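Worksheet: the structure to be examined is printed underneath.
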Amino acid sequence: MIVAFSFGDLASLALAIFLVAAGIGLGWAFLRLAVTFDRLSSLIRGAEREVLPVINKVGGSVDRVNAQLDKLDTATDSAVDAVVAVDEAVRSVSYAVQTPVQKLAGLSAGVSHGWASLRTRRNWREAVDEAKAAAARRERDLDEELKASHSG
């Protein structure tokens with residue numbers, strides 16, 4: 001029995017062997033790809049199990065921080081209101097005390113200058129005039145000092 005084998009048959013056999021090897025190679029590659037996708041899917045499920053509770057905890061923490069910040073905002077508003085009230089009270093007292101203090105400083109300067117003038121010149125009228133002028137000067141000077149301290 002003689003087997004007739006031609007180059008066409010050899011080419012067909014080589015092509016068949018190539019296709020079988022290519023099929024086996026692709027099958028192996030798809031199997032490895034399936035294993036990789038399975039691992040990736042497992043990784044994603046694990047990340048979901050681990051990350052979602054953390055995200056929920058962070059969300060709760062953010063809510064608690066926001067609640068505390070709201071309380072702090074209320075407290076700072078109250079503190080600002082208290083400071084404004086104290087400032088208004090101090091300004092009221094300052095303006096209420098300012099005029100009597102000016103008059104008292106003027107009186108003190110007037111008496112001092114008037115007494116000095118009376119001792120040196122021995123003239124009652126000149127001493128009174130000197131006292132009035134000194135009192136007016138001192139009141140003016142004190143008023144300017146107070147205005148300068150309020151503006152500076």
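Throughout, read-outs are computed from the coordinates displayed, never taken from laboratory work. Just so it is clear, the structure is predicted and the values come from calculations on it, not from any experiment. Glycine also receives a Cβ, built like all others from the backbone with ideal geometry; neighbour counts cover every protein chain displayed.
If you count Lys pairs in region 29-151 whose Cα atoms are under 26 Å apart, skipping same-chain pairs closer than 8 places in sequence, the total is 4.
Just to be sure I follow: if Rg is taken over the C-alpha atoms of the chain and Rh is the Kirkwood radius over the same atoms, what is Rg/Rh?
Details: Rg = 51.3 Å, Rh = 26.6 Å.
Answer for the chain: 1.93.
Measuring nothing but how far apart in sequence close Cα pairs (under 8 Å, 6+ apart) lie, relative to its length, region 29-151 scores a relative contact order of 18 percent. Rounded to the nearest Hz, the phi-derived 3J(HN,Hα) couplings of region 6-14 under the Karplus curve 6.51 cos²θ - 1.76 cosθ + 1.60 (θ = phi - 60°) are 10, 5, x, 5, 4, 5, 5, 5, 5, where x marks glycine and proline. Phi angles of region 73-79 translate, via the Karplus equation with coefficients 6.51, -1.76, 1.60 and θ = phi - 60°, into HN-Hα couplings of 4, 5, 5, 5, 4, 5, 5 Hz per residue; Gly and Pro are given as x.
Only one residue of Q102, A16, A4 has its Cα farthest out toward the positive end of the dipole of the chain, where Lys and Arg carry +1 and Asp and Glu -1 on Cβ, and that residue is Q102.
Give the calculated FRET efficiency between L52 and L31 to the nearest 0.05, with a Förster radius of 41 Å applied to their Cβ-Cβ distance.
The computed FRET efficiency comes out at 0.80.
State the extension gain, in nm to one decimal, for the chain segment bounded by A82 and L19, taking 0.36 nm per residue of separation less the distance between their alpha-carbons.
Values: separation 63, 0.36 × 63 = 22.68 nm, distance 8.95 nm.
Residue separation times 0.36 nm, minus the Cα-Cα distance, leaves 13.7 nm.
Think of it as helices only: each DSSP H run of n ≥ 4 in the chain is worth -39500 (n - 2.57), and spread over all residues that comes to -36000 deg cm²/dmol at 222 nm.
Compared with the dominant Cα axis of the chain, that is its longest principal axis, helix 124-151 is turned about 0°.
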